[in-house]
Amino acid sequence: QVQLVESGGGLVQAGGSLRLSCAASGSIFRINVMGWYRQAPGKQRELVAAINNGGIANYADSVKGRFTISRDNAKNTMYLQMNSLKPEDAAVYYCKGTTAYDTSSWGKGTLDTVSS
């Protein structure tokens, strides 16, 4: 079992920055890919960014150039640096860890609010 806990959400003005953290515990050696997803009210959950064990990252087009995903394997923590935030970035952000067997664990989410 893998446990994931997000932190770092909050209220920020448009154009501002936030950094989210996702701390992993448990059977973390099983995790192959970690990702950030978000869900805004009335919308489906969507992939924001993902990073694999080799450090290769991919991003949703809507956040490219503004968000950076990273992971610190020594601290068992993944980060999402969000810059130039827009009101449409407001959502609950979730951390997800996926194993090589394609099983997944989710965090409970952290709320980001962006005021215009």
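Some points to look at:
- For peptides 83-93, 44-54, sequence by mean Cβ density within 10 Å, most packed first: 83-93, 44-54
- For the peptides 58-68, 17-27, residues were scored by their other Cβ atoms within 10 Å and the scores averaged per peptide; the highest-first order is 17-27, 58-68.
- Across region 49-59, rounded Karplus estimates of 3J(HN,Hα) from the backbone phi angles (6.51 cos²θ - 1.76 cosθ + 1.60, θ = phi - 60°) give 7, 9, 9, 9, 4, x, x, 7, 10, 9, 10 Hz, Gly and Pro being marked x.
- The residues of the chain have, on average, 55 Å² of accessible surface per residue, using a 1.4 Å probe with all protein chains present.
- Length added when fully stretched, Arg45-Ser27, from 0.36 nm per residue minus Cα-Cα: 4.0 nm
- Hits among lysines - C-alpha to C-alpha of Lys64 under 18 Å, sequence gap 8 or more where chains match: Lys86
- Ligands, DNA and RNA left out, the 1.4 Å accessible surface of the chain is 49% carbon and sulfur atoms.
- The chain, relative contact order in percent, only Cα pairs under 8 angstrom and at least six apart counted: 37 percent
The values are calculated or read from the model by the stated rules, or taken from the named source; none is laboratory data. Just so we're clear, the structure is a prediction, and the values are computed from it rather than from any experiment. Counting neighbours? That spans all protein chains shown, and the Cβs are built from the backbone with ideal geometry, glycine included. Protein only, heavy atoms only, side chains kept; ligands, DNA and RNA dropped before computing areas. Shrake-Rupley method; radii C 1.70, N 1.55, O 1.52, S 1.80 Å.
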